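The values are calculated or read from the model by the stated rules, or taken from the named source; none is laboratory data. What you see is a predicted model, and the numbers here were worked out from it, not measured in a lab. Here the Cβ positions follow ideal geometry from the backbone for every residue, glycine too, while neighbour counts run over all protein chains shown. Each accessible area value is taken on the protein alone, full model and side chains, heavy atoms only, with ligands, DNA and RNA left out. Shrake-Rupley method; radii C 1.70, N 1.55, O 1.52, S 1.80 Å.
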Amino acid sequence: MITVVGTGTGTGTGACGLGALSWRGVRLAVGARRHLDAAAPPPGVRRVALGPLAPALDAVERQLSEGGGPVVVLASGDPGFFGIVRSLAERFGPEALDVRPTAPSVAVAFARAGLPWDDAAVVSAHGRDPRTAVNVCRAHPKTAVLTGPGAGPAELGAALAAAGLPRTLVVASALGTADERVERLSPAEAAART
């Protein structure tokens, strides 16, 4: 069994949405380094920090094939919303998953900004070509973009500034942490920042 736990949006128990999850019998925890640090798996639980996805999925497969006990995968917010659930279900089958989401980061970001999001387009630029996200932002005045390295607010702001479209970027970062910030920027302002 692979338990996929949504973390990090400040809506679960503590900084992590682990709630009543028991570490009993778990031998492998997979997730971003910040999620692993927040969850603090007990001694004896091997940690695999996410970078490239394939090695992490291989580690999960080895753990399951060796009969080494259940696996916990930590992911931001709702792991089924542009998250790791798709890759896990494709590789191991949906019946192998116990998904425990917290609020999606997009919902939390809109809430922090005081904006409704039922009329927003949602796209991910995390691990994807950012041109798709830029095109969606050009076509829809209200778009939520899940960002990642090389496809963040600066890159999106630069592309939107070049297009000359009047847009305001609401940049929500580090949601659910002490470093949480929500800023309103013009595309040019976003492009000038890291």
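Here are some notes:
- With respect to the stated conditions, residue 48 fails to be within 17 Å of the chain's Cα centre (by Cα) and open to solvent by 50 Å² or more (accessible area, probe 1.4 Å).
- Pairs with Cβ under 8 Å, 6+ apart, first in the range 101-122 and in contact (Cβ under 8 Å) with a residue 40 or more places away in the chain, second assigned to a strand (DSSP E or B) and of a type in the set (S, T, N, Q): 102/7; 105/76; 122/143
- One residue alone among 82, 92 is of a type outside the set (S, T, N, Q), within 16 Å of residue 6 (Cβ to Cβ) and open to solvent by 30 Å² or more (accessible area, probe 1.4 Å), and that residue is 82.
- Qualifying residue in the range 124-131 (condition: closer than 25 Å to residue 53 by Cα, open to solvent by 30 Å² or more (accessible area, probe 1.4 Å), at pLDDT below 90 and of a type in the set (D, E, K, R)): yes
- When residue 189 is tested against (1) under 24 Å from residue 118 (Cβ atoms); (2) charged (D, E, K, R); (3) in contact (Cβ under 8 Å) with a residue 24 or more places away in the chain, exactly one condition is not met: (1).
- Taken over the range 18-69, the criterion of being more than 20 Å from residue 6 (Cβ to Cβ) and touching a residue at least 24 places away in the same chain (Cβ under 8 Å) is satisfied by 25, 27, 59, 61, 63, 64, 68, 69.
- Restricting 76, 65, 87 to residues that are within 14 Å of the chain's Cα centre (by Cα) and farther than 29 Å from residue 178 by Cβ narrows the list to 87.
- Boolean, residue 112 is surrounded by fewer than 19 Cβ atoms within 10 Å (Cβ to Cβ) and under 30 Å from residue 138 (Cα atoms): yes
- The range 124-136 residues that are in contact (Cβ under 8 Å) with a residue 24 or more places away in the chain, paired with ones that are of a type in the set (S, T, N, Q) (beta carbon under 9 Å, 6 or more apart): 124/132; 124/147; 125/132; 125/147; 126/147; 130/147
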